[in-house]
Amino acid sequence: MSIKVGTVFNFSQLPDVSKFPFVINKSNKRSPVRKGLFVHTHSEEGYLIGVIERILLLNEYFSDALTIKAYNNNNNPNILRGLFPTEEFESAIAIVNCLGIIEFEEDGKEKNIKKIKRMSYPATPGAGVFLIEEEILNRFLGLDPLHGLHIGKIKGSTHEVKINMDRLLNKHFAILSISGGGKSYLTSILIEELLSREEELGTPSIILIDVHGEYSYLEQIQALQGKVHVQNTSYFQIAVPKLNAWGFKKYQDQISNVQVRELSKYLENIRKDKELKGTFSISHIIEQIENDPGGNKNTKQALIGWLEELNRLNLFGTQENPNMKELLKQGEITIFSFQQEINLRKKQIMLDYICNRLFYLRRVDKIPPFLLIIEEAHQFCPEAAESKAISKSIIETIAREGRKFMACLCLISQRPKKLSTTVLSQCNSKMILNIKNPHDLKHLMDSSEAITREHANLISSLGVGEVLLMGNAVNHPIFIEVRERKYPSSLESISLSITCAKWTRMNN
Ligand SMILES: Nc1ncnc2c1ncn2[C@@H]1O[C@H](COP(=O)(O)OP(=O)(O)O)[C@@H](O)[C@H]1O
Ligand SMILES: [Mg+2]
C-alpha cells in the first residue's frame, strides 16, 4: 500500500501542467516529505509522477506584523500560546515538479511500466499524494536493485541507489567537482562495487591512472586480495620497436617532417638487422645514425639531439614494462601510480602509450573489455585553447570510438572547463558533485542540455559526498548521498598534526 503524504490543492496559480502544490499531512510522526523526494498522485491522465522541488511553511498567524509585535511584547508568551494555538495555523506545502504519466502493463502486474508519457493536463486538486513504492521508482529511474552498483541513497530518503553497470559503462562517464568535493571517494566506491561483483555477472577489467597515489591502499585490503595490482611507474618502459617515426615525433614535437622521414629509413634498416632480432632501443637508433656515412649531416645531428633528449626521460627500452597484453584480468584492477612523477610531459607520454596499446589490443580482442579511469583528466586531454597534451588525441579517439569495442572511459576532473569539449560531450553519464565556479557550471550546461539552470543552482550548494547523477545511467537525474566506504583508506586518518608529530619523532 502506498503511504499518503498529502493532498493536492490550489496555491499561487498552481496546479498547472508542469507543477502541482500539495499540503503535507500533519501527523504525530515526523513527515517523510523532503526536497528531492519522488511522489505520485492520480490525475485525470493516470499515475502522475513528480519530484518535490520546494517546501514552504506557512503560518497565517505570523503573516501580520502587528500580531507578531503583540506576541513578542507579552511578558509571558506561553500564556498567549495557550490562548492562540499558533502551531495549528502552520501548514507545510510542497511544490512538485511533474515528470510524467506512467502507463502500466495491462496484465494486472501493476509494477511493470509499459511507457511514460508527457503530461498534458494538471493534477486534480483534492487528490491524494503518495510516496512511490520502491519497485516502481526503481523501474522509473532505470535502477538495478538486484545486481546494480550500490553507490548510496537518493538524497533525503532511504531509497538505495543501485546503478545498472551496463547502462553506466556502455557509454563513457565523467566525475566532476571542485577539489575536495568527493570525486576520489566516489571513485573508490565504484571500484569497491565493481571488484565485489559476482563473477557470473561479468565485470570489465579496470585500469586506473592514480595521479596522487590515493588508491594504493586498495592493495592492502584483505577482502580484495589478488584483485588489486599497483604498478610503480619508476619501472615503466615503452618498447621502442613498437614505435614508428611518427610516434617519436608525437613524443618529441620538435622533430621536423624531414627528420621524421630520415628516422623512418633508419628504423626500417634497424628492423632488418638480423643480430638485433627486432629488439632495439633509442641508443641503437642513435648508433645507426652515427655510423651512417651518407645522409645530410645537419639532419642527422638534429635527429640525434632529439632522440638523446627523449632517451633522458628514462622511459624507453627494448621491451615494454609492464606487458600490456598480460596486464588486464576481468574483475581486477591495475593502478598506475603516478605519484612519484613530477614531469607532466613524462606522465602524458606514459598515459599516451598505455591508452594506445590498450585500445589497439582491445580492438583486436587480445584483452578483455576495460574501464579506464583517469584522475586529473584535464591534465591529459585539455581543451585546445588551454594547452596541448601528448595524450589528448588518443583519449579523444577512445572517447569517440571506444564504445564499439567496449573500452569505457571514466574521466575525473576538478576543472571541467579545462577539459576537452569533444571528450566531455562523449561522456554520456555524469556524476557531478559540488561545483562553485560559474565558468565551469556554464561549460557543463553548454556540453549537456540535460543540465538546467535549476540543476546548476543545486550543484553549487551540494555538500561533500552529495552527487547529481545524470545521463545514460538513469532515466531521470537524481541527487544521491554517496555511501561510506566498505574498506576505509589509511590516508583518511592522516592529518597535518599527526604527520608533523611523526616527523618530529623521526628527526629528533
Ligand atoms: N561520501 C563521503 N563520505 C564520507 N566522507 C567523504 C565522502 N566523500 C568525500 N569524503 C571526504 O571528503 C574529503 C575529500 O574527498 P576526495 O574524494 O578526496 O575529494 P576530491 O577527489 O574531489 O578532491 C576526503 O577527506 C574524503 O574522505
Ligand atoms: Mg581526488
Lys404 meets each of (1) more than 16 Å from ligand 1 (Cβ to nearest atom); (2) closer than 24 Å to Tyr185 by Cα with one exception, condition (2)
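Quick check on Glu481: is it free of Cβ contacts under 8 Å to residues at least 40 places away in the same chain and of a type outside the set (Val, Ile, Thr)?
no
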Taking interchain pairs and intrachain pairs at least six residues apart, which have beta carbon atoms under 7 angstrom, with the first residue in the stretch 409-421 and of a type in the set (S, T, N, Q) and the second away from ligand 1 (no atom under 16 Å from the Cβ)?
Ser420/Cys381; Ser420/Pro382; Ser420/Glu383; Ser420/Lys392; Ser420/Glu396; Thr421/Glu383; Thr421/Ser447
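Can you confirm whether Lys171 is in contact (Cβ under 8 Å) with a residue 40 or more places away in the chain, under 15 Å from the mean Cα position of the chain (by Cα), surrounded by fewer than 20 Cβ atoms within 10 Å (Cβ to Cβ) and more than 16 Å from ligand 1 (Cβ to nearest atom)? First the steps, then the outcome.
Values: in contact (Cβ under 8 Å) with a residue 40 or more places away in the chain: yes; under 15 Å from the mean Cα position of the chain (by Cα): yes; surrounded by fewer than 20 Cβ atoms within 10 Å (Cβ to Cβ): yes; more than 16 Å from ligand 1 (Cβ to nearest atom): yes.
Yes.
Only one of these is within 16 Å of ligand 2 (Cβ to nearest atom), under 19 Å from Gln379 (Cβ atoms) and either crowded, with 18+ Cβ neighbours inside 10 Å or at pLDDT below 95 (or both): Leu176, Leu190, Leu186. Name it.
Working: Leu190 fails: under 19 Å from Gln379 (Cβ atoms); Leu186 fails: under 19 Å from Gln379 (Cβ atoms).
Just a single option satisfies the conditions, and that option is Leu176.
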One residue is enough: does the stretch 156-163 have a residue meeting the conditions within 16 Å of ligand 2 (Cβ to nearest atom), crowded, with 19+ Cβ neighbours inside 10 Å and outside any loop (DSSP other than H, G, I, E, B)?
no
Which of the residues spanning the stretch 310-344 are within 27 Å of Leu201 (Cβ to Cβ) and of a type in the set (A, V, I, L, M, F, W, C)?
Met324, Leu327, Leu328, Ile333, Ile335, Phe336
Of the residues Ile435, Ile480, only one is over 29 Å from Asn343 (Cα atoms) and open to solvent by less than 20 Å² (accessible area, probe 1.4 Å); which?
Ile480
Expected output for the stretch 25-40 (first residue within 11 Å of Val5 (Cα to Cα) and in the same structural domain as Ile478 (by TED's automatic domain parsing), partner open to solvent by 70 Å² or more (accessible area, probe 1.4 Å) and among the hydroxyl-bearing types (Ser, Thr, Tyr), Cβ below 6 Å, 6+ apart or cross-chain) is none
Please list, ordered by first then second residue, the pairs with beta carbon atoms under 8 Å, 6 or more apart or interchain, first in the stretch 349-369 and closer than 16 Å to Phe248 by Cα and not assigned by TED's automatic domain parsing to the domain that holds Ile390, second at pLDDT below 95 and in a loop (DSSP other than H, G, I, E, B).
none
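Just one of Glu396, Glu401 is exposed (fewer than 14 other Cβ atoms within 10 Å of the Cβ) and part of a helix (DSSP H, G or I); which is it? Reasoning before the result, please.
Working: Glu396 fails: exposed (fewer than 14 other Cβ atoms within 10 Å of the Cβ).
Within the list Glu396, Glu401, the selection yields Glu401.
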Can you tell which of Asn296, Asn323, Asn314 is away from ligand 1 (no atom under 16 Å from the Cβ), among the polar types (S, T, N, Q) and on the phi > 0 side of the Ramachandran plot?
Asn314
Boolean, Glu309 is under 44 Å from the mean Cα position of the chain (by Cα), of a type in the set (D, E, K, R) and within 21 Å of Ser256 (Cα to Cα)
yes
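The values are calculated or read from the model by the stated rules, or taken from the named source; none is laboratory data. Bear in mind that the values here come from a model prediction, so they are computed numbers and not experimental data. Every residue, glycine among them, receives a Cβ derived from its backbone with ideal geometry; neighbour counts consider all protein chains shown. Remember, those area values only see protein heavy atoms, side chains included, never the ligands or the DNA or RNA. Shrake-Rupley method; radii C 1.70, N 1.55, O 1.52, S 1.80 Å.
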